[in-house]
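Colleague: Let me begin by handing over the structure; questions about it come next.
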Amino acid sequence: MREPVELRRQRILAAVQARGSARVRDLAAELEVSVVTVRRDVEELTREGKLRRGHGVVRSTLPAQELPGGEVAAGDRVAVVVPERHSYLTETLHGARTVLEEAGLRIALHIAPQVPGAERPLVERALADGARGLLLAPRWTSRAAEEADYGWLAALDVPTVLMERRPRRGSALHALDSVCSDHWYGAHLAVEHLTGLGHRRIVFATRDDSPTARTLRAAFAEIAEAHPLVESWAWALSASEAGAEGAYSAEETAELPVLMRKAGGTALVLHGDVDALMIVQRLAADGVRVPQDCSVVAYDDVVAGLGTPPLTAVSPPKTEVGKVAARLLLDRLAQAPGAGRAVRRVELLPRLTVRGSTRPAGTATATAGRAEGADGDAVASGLE
């Protein structure tokens, strides 16, 4: 699946801003695109005043606190480790960088490739290079991968803050500073918006290959099951490659147009943005119009507003997560050795941005006409 241009440019901008400068060839290798593609993106970002171009090098236009010779003094660096190809964390990274540079610290950014256990050698290298503290967002595609990291992360002897990660309760990492979006509340916003528009049959399609994805799946199930206005609901993977836990039922891996017809669904909640945009395209190819026949809410709001139509979306406070995590880390770094301070687990609330992909139910013909009930009677698909 080809990455949207705007999303790729956001990743380029975040990478350059985090480092101060970067080589075009290095950016192309990290993004797995051609050098020519990166050059074109850099030219556009330069025209927008967001980057400065040199001979084979790209520089940030943000003020940088660099020491003579471009070297970072020992003790003035913190390491940030985030997953490769994780656009969601771009804004989080930018928020952390702003706070840390204002405090006179520089970020050493490490990108973890898509293989199990990739974070540990990066953290060890960062500590060997003199990093005073760590901001971490491990990939953790499965619960087993997550728990495999608990031991060595708990043994780190530098201040560490997790971003958008909630270790299992009672685990070795439970008592580690962390900052997360309250994804349960984000799921609540999506369901309340749709039920407020009169939708009673909702399909949820999420990823299942990250802590956020697993939290969202559980939240949607809990909220929909207990909601007095939700008559029926179903869950499925948002993309065939989006599941890591398995095994999944046939319904949970079904094509969404098929599942929508079977469930008589009139609304979809989709995680994340790129999968949501692709699904809207699939619905259109199947003759299902958004929002006339089906309301859609995306979860992440990185590029949801660029769709046709622009997608109503739940937006976790990505930038603020980075800022708060950086402030927690600064507090720990300023703390005297041996001084006690309560561990903090901070949750920030997402918000909902209403755009053109949702409308009141019952204002158009049904998505799938009528769906057969268990007793053979037709069940109305109350639509938008």
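The values are calculated or read from the model by the stated rules, or taken from the named source; none is laboratory data. In this text, all values refer to a predicted model and were calculated from it rather than measured experimentally. Backbone-built Cβ (ideal geometry, glycine too); neighbour counts: all protein chains shown. Accessible surface areas use protein heavy atoms only, side chains included; no ligands, DNA or RNA. Shrake-Rupley method; radii C 1.70, N 1.55, O 1.52, S 1.80 Å.
Colleague: Work out how much length Val158 to Thr37 would gain on full extension: take 0.36 nm times their residue separation and subtract the Cα-Cα distance, in nm to one decimal.
Modeller: Length gained, Val158 through Thr37: 39.7 nm.
Colleague: Given H placed 1.01 Å from N in the peptide plane, which residues other than close sequence neighbours of Ala108 have an amide H under 5 Å from its amide H?
Modeller: Residues meeting the amide H criterion: Val78, Ala79, Val80.
Colleague: Sticking with this structure for a sec: Just the number, please: carbon plus sulfur as a percent of the accessible area of the chain, 1.4 Å probe, no ligands or DNA/RNA counted.
Modeller: 50
Colleague: Additional query: Out of all DSSP beta bridges with both ends in the chain, state the antiparallel percent to the nearest 5.
Modeller: 25
Colleague: Continuing with the same structure: Provide the FRET efficiency to the nearest 0.05 for the Glu124-Leu229 pair, computing r from the beta carbons and using R0 = 45 Å.
Modeller: Calculated transfer efficiency: 0.30.
Colleague: Next question. For Lys318, which aspartates and glutamates qualify as cross-link partners when the Cα separation must be under 13 Å and same-chain residues fewer than eight apart are set aside?
Modeller: Within the straight-line cut-off, Lys318 pairs with Glu91, Glu164, Asp182, Asp300, Asp301, Glu347.
Colleague: With all protein chains present and a 1.4 Å probe, how do Arg106, Arg52, Arg47 order by accessible area, largest first?
Modeller: Arg47, Arg52, Arg106
Colleague: Largest first, how would Val346, Val81 line up by accessible area (1.4 Å probe)?
Modeller: Working: Val346 40, Val81 0 Å².
Per-residue accessible area, sorted high to low, gives Val346, Val81.
Colleague: Using modelled amide H (1.01 Å from N, peptide plane; none on Pro or chain starts), what sits under 5 Å from the amide H of Thr160, excluding residues fewer than 5 places away?
Modeller: Leu134
Colleague: Give the relative contact order (percent, whole number) for the chain; include only Cα pairs under 8 Å separated by 6+ residues.
Modeller: Here the relative contact order equals 17 percent.
Colleague: Then there's this: Among Pro228, Ala247, Gly305, flag the residue with its Cα farthest along the positive direction of the charge dipole of the range 183-316, charges on Cβ as +1 for Lys/Arg and -1 for Asp/Glu.
Modeller: The residue sitting farthest along the positive end of the dipole is Pro228.
Colleague: So for the pair Tyr248, Arg85, with labels modelled 7 Å out along Cα→Cβ, what separation do we get in nm?
Modeller: 1.6
Colleague: Among residues other than Ala175 whose Cβ falls under 11 Å from its Cβ, what is the net charge (Lys/Arg +1, Asp/Glu -1)? Could you put the intermediate results ahead of the total?
Modeller: Values: positive: Arg169, Arg344, Arg345; negative: Asp177.
For residues surrounding Ala175, the net value is +2.
Colleague: A follow-up question, please. What residues qualify as long-range amide H neighbours of Thr312, i.e. H under 5 Å apart, gap of 5 or more or another chain, H built at 1.01 Å from N?
Modeller: Excluding prolines and chain starts, which carry no amide H, the hits are Ala298, Arg355, Gly356, Ser357, Thr358.
Colleague: Right, something else. What does the C-alpha gyration tensor say about the overall shape of the range 214-288? Classify as rounded when a/c is under 1.5, otherwise prolate if a/b is larger than b/c, or oblate.
Modeller: Since a/c reaches 1.5 but b/c is at least a/b, the shape of the range 214-288 is classed as oblate.
Colleague: What angle, in degrees between 0 and 90 and rounded to the nearest 10, separates the Cα long axis of helix 90-102 from the longest principal axis of the Cα atoms of the chain?
Modeller: In the chain, helix 90-102 runs at an angle near 30 degrees to the longest axis.
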